[in-house]
């Protein structure tokens, strides 16, 4: 029988592998995305998965200092998403007669 701590460590390692797999598919979506909107969504999803991976690593290493980096990355990702959305909105307004 596995102890609770060993099971917790094993679970974290499995989730990290799943996050790496998700990053691979997100990068493929980013490269293949037929439109700019698809690529913006892929970038936003990429930042979310990276944030989750940083948080998982902070729990795994029992070091809360990584959570500060995740918080700063979350703020920049949110600002980037808003800027992309405004850019797309202005670009689509320019297409209208």
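The values are calculated or read from the model by the stated rules, or taken from the named source; none is laboratory data. Remember, predicted model here, so these are calculated numbers, not experimental data. Cβ atoms come from the backbone with ideal geometry, glycine included; neighbour counts cover every protein chain shown.
Only residues that are within 15 Å of residue 48 (Cβ to Cβ) and either touching a residue at least 12 places away in the same chain (Cβ under 8 Å) or surrounded by 12 or more Cβ atoms within 10 Å (Cβ to Cβ) (or both) were counted in segment 77-91, giving 5.
Scanning segment 20-46 for residues that are surrounded by 15 or more Cβ atoms within 10 Å (Cβ to Cβ) and outside any helix (DSSP H, G or I) returns a single hit, 33.
As for segment 48-63, it holds at least one residue that is under 25 Å from residue 91 (Cβ atoms) and either within 13 Å of the chain's Cα centre (by Cα) or touching a residue at least 12 places away in the same chain (Cβ under 8 Å) (or both).
Within segment 1-13, the set of residues being part of a helix (DSSP H, G or I), without any contact (Cβ under 8 Å) to a residue 12 or more places away in the chain and either in contact with a helix residue (DSSP H, G or I) (Cβ under 8 Å, 6 or more places away or on another chain) or surrounded by 10 or more Cβ atoms within 10 Å (Cβ to Cβ) (or both) comprises 6, 7, 8, 10, 11. For segment 60-69, the set of residues classified as exposed (fewer than 10 other Cβ atoms within 10 Å of the Cβ) and on the phi < 0 side of the Ramachandran plot consists of 64, 65, listed by residue number. Filter segment 52-66 down to the residues that are assigned to a helix (DSSP H, G or I) and either modelled with pLDDT under 90 or closer than 15 Å to residue 12 by Cβ (or both) and list them by number. Of everything in segment 52-66, those that are assigned to a helix (DSSP H, G or I) and either modelled with pLDDT under 90 or closer than 15 Å to residue 12 by Cβ (or both) turn out to be 52, 53, 54, 55, 56, 57, 58, 59, 60, 61, 66. Among the candidates 72, 17, 49, which residue alone is surrounded by 15 or more Cβ atoms within 10 Å (Cβ to Cβ) and in a helix (DSSP H, G or I)? 49 is the lone residue from the list that is surrounded by 15 or more Cβ atoms within 10 Å (Cβ to Cβ) and in a helix (DSSP H, G or I).
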